[in-house]
Structures are given as structure tokens and as C-alpha cells.
Amino acid sequence: MATVARQLHFDGANQHLRLSAGLFSAQRYGLDVSWAWPVNEWFLLNARLGLTGFWVMGTDFRGSSEASFHTDYTLTGTVGADVYLRPYNVEFRLSGGRYIAGDYGSQLNVMRHFRHVTLLAFARVRIGELEPNQYDKQKYRTNGGFAIVWMLPPYKRSSRKLVVRPASSFTLSHSSRADGLSMQSYMTDPEENSRERLIDVDWGLGKEETPAN
Amino acid sequence: MRRRRMLVQLAHHKLLFLLLLFTFVGSSVMAQQYTGMTGLLHVPSAEMDTIENLRFGVHLLPKYMMPDAIRFEGEKYASTNWYVSAMPLKWVEVGYSFTLMKFHKNLDKNSEETGFYSKDRYFSLRLRPLREGRYWPSVVIGGNDVIGQRDGDSYSFYFRNFYLAASKHVELPFGEVGGHLAYRYWTKSYNKRWNGVVGGLTFRPSIYRPLRFIAEYDGNGVNIGADCVLFRYVQLQASLMKCRYPSVGGALRIELKGRGPRP
């Protein structure tokens, strides 16, 4: 993954954007725009739009390498609404849209946040025509599972311009249906995880790291 | 001669159970059933842990605890159950478990190599609508194997069951005694021996609170056992199912600290 990203914060209108470009995860490359609008302290709207193509790069022990960037781009996008129940640190995230394989679906995440851990349960429903599962050739409209997101130390954010550090989180996830190509999306940041928000918004959980004094 | 050999084996099993039992030291927490959910040994209860937590564990399942439909070449076998369970809120508990299953390697019946090459996965859920009070018991509604990969497939939902449980504890001078009662329904006919009213008694001695003795009736026999927590993080349980078949399990227990208010 190699990306460049820029966040734009329009504090007057309370609108927040993140623009990304480069080589994303899930073998996608292209452009991505994320948007967030904290309507109030417990409700937030968000959306994401991406124009990506397939890419692959490989090398072998004989020293030869090959890279391929396909130009059949796919337009993907989701819209979502988040609700944060502060007294209980419980968050609901509902989103839906178009995904990498051109399929449509909706997902609900129910999350319970602890100091450095988030327990997440998700439920998905696919909309429209179904493609057979790549493993057992069955067609599944629903799916569900869980994830445990651990934030890893150090929890202080460095003020240096160049920071070299290990991964900030570890996620253990399980899906009841083995169907990795269904409702697949990509990540634009190696630090992206299901607990934190991609855009730095002063809402809900916020970022795990606190700025160094 | 054969009877003498069986008696010697039974004595060895009981000795192993007692050895495991008396090496326990720890703190007072709730036991884990073999599914990773709070309960007794093979019987559910309405107890909940005192703090939100995460548990990773494994439990040995003797042949007695395995559903009759799980066989390899016509024979039942003992296996292990591995689980991840969590209590995100004080009134809900969820768990993911898988039981190792014997098959030929690569599921190729012509292969001579056999072992635990497959597993049955399932989710468990418990909800507590009523917390224990001074005069009333706690009540829990729960189920194991509540959703699965192959809906309607006869080769799935091996451990599926639903239950309604109630628990009440009484503090006595010599310790805490708990009474647990549940009605359980197993959906598969080969598990019906565990259907109906089940229950058990637990006892925590005053002189040693971390230890909990358990005696229960699971619908098909009486099971006895005990559990404890070592150093607050390692949870152990040992039991004799039907007072004959040993079963042990252990889990790593991680308490989840709450998130403080944002500045």
C-alpha cells in the first residue's frame, strides 16, 4: 500500500473531507474521497466514493518482476449514519452502497468501546442479484460475524514529521460465511481499522493516540 | 481381569481430577462452560461475570459430551472445543466456538491419514433480562449454535440448543451456596437425552472464595466438578461427567476496562 492523503476541515460548516490517491489494499488503485458530517454529539453522517482499478505486482527469486494496472475502473461508494451512545460507549454504524465486485449491500456494525479494545458485531445483507460463493457455490444474501480490535501501544502521537512505528492496531475477525469477495471494500491507509474513524473528527470515540505534549 | 483393568483406569481418572482440583488458587469469578459461556459444567446458569471481559479458551470434550451424530467411521470420539467469548455489556454474553472433528486428510476418504482435519463452528448468545436481587433470582435466556453456515443442512447445528435459566445465591456462614435451574431444548433428536429440566448446585467455601464446587444434573446424568481462576487471568475447570468421564478446560481471561469520558 502506498498512498498520499489530505484532510480538509471546514470547521465553520462542520464538514470534513479526506482525499486519497495511490495503491490501496485489496489490490485496488485509484482515487478515494471520504466525507463526514457530525450533525450533533451523538449522530454523524458519512459517505465514501472511490474510482479504482485492479493492480497486481509480483517478483520472484530469479529477479524478474511484473506489474499490471488494469484500466477497467469501478465506481464504488457508500453512505452511512453513525450513532454514539456516550454513557455506554456503544456505537452503531449503518452503511450501504456499491462495492468492488459491483454488488450492492448494507451493513450494520454494533460496537462496544473499551479503553484500548473494541468489540464489534456486524450483520450484512446483500441487495440485488447474488453471485455464487467462490468456495461452496451457494448464494448467501446475509452474513454476520464479529471482530475484536486491539489498539497497540505506544498510544502517544509523536510530533515529528517522519514517524516510524509498528502497527497501531490488531484485529481478530470472523465471518459466519466464508465469502471474501462479497461486499468487499478497500483501505486507503494502513492504519485504517474498524474502531477509529478514517477522518480526524472530534466526535464519538476519536483517535486512540493523544498528541504528545 | 478386564473388570480389574477398568477399575484401575477409573481410579487413575479420578486421581487426575483431584490433582487438578487441588492445584487451584485464584480469585472469585464465574466458571466457563465448555462453550466458553458462563455456566456450570454441562448445564447453563443465569450467572454473569462481574466485569466486562474477553476469554480465549479450550475445553476437552469426552465422548459422553459429544453429540451422537459426530462419529468417525461409526465410532464416537473425544475432541476439544476452542472458543473466544466476550461480555461486552453486563447483561449480554456472546461466544464463538469450534469443535475439532476427525476426518480423512483433505476430506479424501481414500486417504489413509486421519486426524482432526475439520471443525464445526458456532456462535452462542446469552441475555440477562433480570439481575439477581435480594428476593428474586437472576434470569438468562440463551442458546448455543444459534446461527450457522449451512442453514437447514442436516450436517450442521450439532450443538444447537436454547434455554431459559435462573440462578439464586444464598450467603451462609460457611460459604455461598448457589441454586441453578434451567429448561433446555436441543433441536436435534440425537441430543434429546439432554432435553428438559436441568440444574445444579454450587458452593464457594468462605475460607477459600476462589474455589467453586459444582454438582449438576444435565438430563442424562450427574456431573461433578470445580473451577477457579489463577492469578486473575487464567481460568481452569475440571470435572467428571456422569461421575466417570474426566473433562478439563482452561481459558485466558482479560478484563476490559471502561473508557473514561472524553475531555
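For A:Arg112, the stated conditions do not hold, so it cannot be described as surrounded by 13 or more Cβ atoms within 10 Å (Cβ to Cβ), modelled with pLDDT under 90 and not hydrophobic (A, V, I, L, M, F, W, C). Checking the stated criteria, A:Ala147 turns out to be more than 9 Å from chain B (Cβ to nearest Cβ) and either under 17 Å from the mean Cα position of the chain (by Cα) or assigned to a strand (DSSP E or B) (or both).
For the range B:101-118, residues that are away from chain A (no Cβ under 14 Å), surrounded by fewer than 17 Cβ atoms within 10 Å (Cβ to Cβ) and either under 30 Å from A:Leu120 (Cβ atoms) or of a type in the set (Val, Ile, Thr) (or both) total 2. Under the condition of being within 14 Å of another protein chain (Cβ to nearest Cβ) and crowded, with 16+ Cβ neighbours inside 10 Å, the residues counted in the range A:183-206 number 7. Could you tell me which residue of the range A:116-130 is farthest from the other protein chains (Cβ to nearest Cβ), considering only residues that are farther than 25 Å from A:Leu205 by Cβ and not in a loop (DSSP other than H, G, I, E, B)? Filtering first and then ranking leaves A:Ile127. Pairs are defined by a Cβ separation below 6 Å, a sequence spacing of at least 6 or placement on different chains, a first member in the range A:98-115 that is away from chain B (no Cβ under 14 Å), and a second member that is part of a loop (DSSP other than H, G, I, E, B); the pairs so defined are A:Tyr99/A:Met183; A:Tyr99/A:Gln184; A:Tyr99/A:Ser185; A:Ile100/A:Gln184; A:Ala101/A:Leu181; A:Tyr104/A:Gly128; A:Gly105/A:Met183.
Do we find that A:Arg62 is modelled with pLDDT under 90 and basic (Lys, Arg) in this structure? So A:Arg62 fits the description; yes. Contact annotation: residue pairs with Cβ atoms under 6 Å, 6 or more positions apart or on different chains, pairing a residue in the range B:167-184 that is at positive phi with a partner that is in a strand (DSSP E or B) and surrounded by 10 or more Cβ atoms within 10 Å (Cβ to Cβ), are B:Gly175/B:Phe203; B:Gly175/B:Arg204; B:Gly175/B:Pro205.
Scanning the range B:189-205 for residues that are among the hydrophobic types (A, V, I, L, M, F, W, C), surrounded by fewer than 19 Cβ atoms within 10 Å (Cβ to Cβ) and closer than 21 Å to B:Met66 by Cβ yields a single hit, B:Trp194.
Within the range B:206-232, the set of residues being loosely packed, with under 15 Cβ neighbours inside 10 Å and either farther than 21 Å from B:Gly179 by Cβ or hydrophobic (A, V, I, L, M, F, W, C) (or both) comprises B:Ile207, B:Val222, B:Phe231, B:Arg232. Can you name the residue in the range B:54-92 that is within 12 Å of another protein chain (Cβ to nearest Cβ) and of a type in the set (A, V, I, L, M) and is also farthest from the chain's Cα centre (by Cα) among such residues? Checking each candidate, the answer is B:Leu89. Restricting attention to the range B:206-226, the residues that are charged (D, E, K, R) and within 16 Å of B:Met65 (Cα to Cα) add up to 2.
Being away from chain A (no Cβ under 14 Å), under 30 Å from A:Met111 (Cα atoms), free of Cβ contacts under 8 Å to residues at least 12 places away in the same chain and surrounded by fewer than 18 Cβ atoms within 10 Å (Cβ to Cβ) is a property that B:Gly133 has.
Pairing residues of the range A:131-144 that are of a type in the set (Lys, Arg) with residues that are exposed (fewer than 13 other Cβ atoms within 10 Å of the Cβ), at Cβ distances under 8 Å and at least 6 apart in sequence or on separate chains, gives A:Lys139/A:Pro132.
Of the numbered criteria (1) assigned to a strand (DSSP E or B); (2) within 14 Å of another protein chain (Cβ to nearest Cβ), the one A:Asn133 fails is (1). For first residues located in the range A:67-88 and closer than 23 Å to A:Val110 by Cβ and more than 14 Å from every other protein chain (Cβ to nearest Cβ), partners that are aliphatic (A, V, I, L, M) and surrounded by fewer than 14 Cβ atoms within 10 Å (Cβ to Cβ) and lie 6+ apart or on another chain with Cβ distances below 7 Å form the pairs A:Ala81/A:Leu45.
Residue-by-condition table, conditions (1) touching an Asp or Glu at 6+ places or on another chain (Cβ under 8 Å); (2) in a loop (DSSP other than H, G, I, E, B):
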| residue | (1), (2) |
| --- | --- |
| A:Thr3 | yes, no |
| A:Ala13 | no, yes |
| A:His16 | yes, no |
| A:Ser20 | yes, no |
| A:Ala36 | no, no |
| A:Ser68 | no, no |
| A:Leu75 | no, no |
| A:Val83 | yes, no |
| A:Gly102 | no, yes |
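The residues listed here are B:Tyr183, B:Tyr190, B:Tyr155; of these, the one that is out of contact with any Asp or Glu (no Cβ under 6 Å at 6 or more places or on another chain), hydroxyl-bearing (Ser, Thr, Tyr) and either in a helix (DSSP H, G or I) or at pLDDT 90 or above (or both) is B:Tyr183. Within the range A:150-198, the residues that satisfy the criterion of being assigned to a loop (DSSP other than H, G, I, E, B), under 26 Å from A:His16 (Cα atoms) and polar (S, T, N, Q) are A:Ser158, A:Ser159, A:Ser168, A:Gln184, A:Ser185, A:Thr188, A:Asn193, A:Ser194.
Taken over the range B:103-136, the criterion of being in contact with a Ser or Thr (Cβ under 8 Å, 6 or more places away or on another chain), within 30 Å of B:Ser167 (Cβ to Cβ) and among the charged types (D, E, K, R) is satisfied by B:Asp120, B:Arg121, B:Arg126, B:Arg128, B:Arg131, B:Glu132. Can you confirm whether the range A:174-182 contains a residue that is surrounded by 15 or more Cβ atoms within 10 Å (Cβ to Cβ) and modelled with pLDDT of 90 or more? The answer is no, given that none of the residues of the range A:174-182 is surrounded by 15 or more Cβ atoms within 10 Å (Cβ to Cβ) and modelled with pLDDT of 90 or more. As a summary of the residue check, A:Gly204 satisfies the conditions (1) under 27 Å from B:Tyr122 (Cβ atoms); (2) touching a strand residue (DSSP E or B) at 6+ places or on another chain (Cβ under 6 Å); (3) small (Gly, Ala, Ser) except for the one numbered (1).
The values are calculated or read from the model by the stated rules, or taken from the named source; none is laboratory data. Since this is a predicted model, take the numbers as computed values, not measurements. All Cβ positions, glycine included, derive from the backbone under ideal geometry; neighbour counts span all protein chains shown.
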